[in-house]
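The values are calculated or read from the model by the stated rules, or taken from the named source; none is laboratory data. Note that this is a predicted model, so its numbers are computed, not measured. A quick note on method: Cβ atoms are made from the backbone with ideal geometry, for glycine too, and the neighbour counts reach across all protein chains shown. For accessibility, only protein heavy atoms count, side chains too; no ligands or nucleic acids. Shrake-Rupley method; radii C 1.70, N 1.55, O 1.52, S 1.80 Å.
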Amino acid sequence: MGVPRTLDHIVLAGPDLAALVEAFERTTGVRATAGGRHPTGTANALVAFTRGGARVRQYLELIGPDAEAGRAAADVPRFGIDQLAAPRVASFAIAPADLDATIVRARAAGHDYGDPEPLSRRTPDGRELAWRLGLPRDEHQPPFLIDWGTTPHPALDELPTVELVALRRRTPDVAGESARLTALGVEVRDGADALQVVHAETAGFEFDVVVDGTAVTVR
């Protein structure tokens, strides 16, 4: 049980961002801070992760339709939001040391990733955050890859925190999925600094956070 060192953030998506923030607060006692709005029609809220009680460059992104722009879930295919009736852990991002080289290696291993693309969002206080993404052609085959460049990492901002203890990939094909993730540089094994891949009839993700001394699973 653990978390890969290359993890950048976990994506918890929902059809209504305000309701998602409320639900996460009910579960954990932590209220996510408004993050900003994206050109893709989404908006987000953020919670920074701690590991062993120390803040790290990893965080949780709660994401949903940009209600301020009048967007509804049906308008937003990103992370499958247009198909969601309830929140789910939709994806996760890793931050490789070299985004471009990782995409080249992924393609050589038979994994279809697009060229790096620049994205940005504006924070509620008017700052613009910019980054580059390497996206899998099949969004159902995370992770996506991220490079923050010179942008300060969001997890180091003044965000509320929650202790992250595990991230798991659930899949019907443990061997195949383990090999795919390893080719992307994700640590796959049992251990504190690795992703655990476990058998399940339906593919998905889940993570554990500590609330009042007890591990709580979010799917």
For a quick check of understanding: with a 1.4 angstrom probe and all protein chains in place, what accessible area in square angstrom does Asp157 have, to the nearest ten?
60 Å²
Alpha carbon centre of the stretch 44-103 versus the stretch 139-158: separation in Å?
9 Å
Interchain or sequence-distant (5+) residues whose placed amide H lies within less than 5 Å of the amide H of Thr42 are Asp66
So which GluC sites (Glu not before Pro) in the stretch 116-219 end up in coil per DSSP with only 13 or fewer other C-beta atoms within 10 Å?
Glu158, Glu201
Scaled by the rule-of-thumb 2.2 N^0.38 Å, the alpha carbon Rg for the chain gives a ratio of 0.96
Work out from phi, with θ = phi - 60° and the Karplus expression 6.51 cos²θ - 1.76 cosθ + 1.60, the ³J(HN,Hα) of each residue of the stretch 39-45, listed in order in whole Hz, and give x for Gly and Pro.
x, 7, x, 10, 9, 9, 9
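Can you quote the Å³ per residue value for the convex hull of the Cα atoms in the stretch 1-106, rounded to an integer?
Hull volume normalised by residue count: 134 Å³.
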Taking every other residue with Cβ under 14 Å from the Cβ of Ala32 and scoring Lys and Arg +1, Asp and Glu -1, one gets -4
Given the options Ala192, Gly176, Thr151, identify the residue whose Cα lies farthest towards the positive end of the charge dipole of the stretch 123-219 (+1 on Cβ of Lys, Arg; -1 on Cβ of Asp, Glu).
Gly176
Please list 3J(HN,Hα) in residue order for the stretch 133-148, calculated via the Karplus relation 6.51 cos²θ - 1.76 cosθ + 1.60 where θ = phi - 60°; whole Hz, with x for glycine and proline.
10, x, 9, x, 4, 9, 5, 7, 10, x, x, 9, 10, 9, 9, 7
Suppose a student asked you for the relative contact order of the stretch 63-219, using Cα pairs under 8 Å spaced at least 6 residues apart; what percent would you report?
19 percent
Over all viewing directions the Cα convex hull of the stretch 46-162 casts an average projected area in nm² of 8.7 nm²
Rounded to the nearest 20 Debye, what is the dipole magnitude of the chain about its Cα centre when Lys and Arg each give +1 and Asp and Glu each give -1 at the C-beta?
180 debye
Interchain or long-range residues, amide H under 5 Å from Val216's placed H:
Val209, Val210, Val211
Any chance you could run the full-extension gain for Glu139 through Ala72? It's 0.36 nm times the residue separation minus the Cα-Cα distance, nm to one decimal.
22.1 nm
Label-point separation (nm) for Arg26 and Asp112, each offset 7 Å from Cα along Cα-to-Cβ?
3.9 nm
For every helix of n ≥ 4 consecutive DSSP H residues, a contribution of -39,500 (n - 2.57) applies; sum these over the chain, divide by its total residues, and give [θ] at 222 nm rounded to the nearest 500 deg cm²/dmol.
-4500 deg cm²/dmol
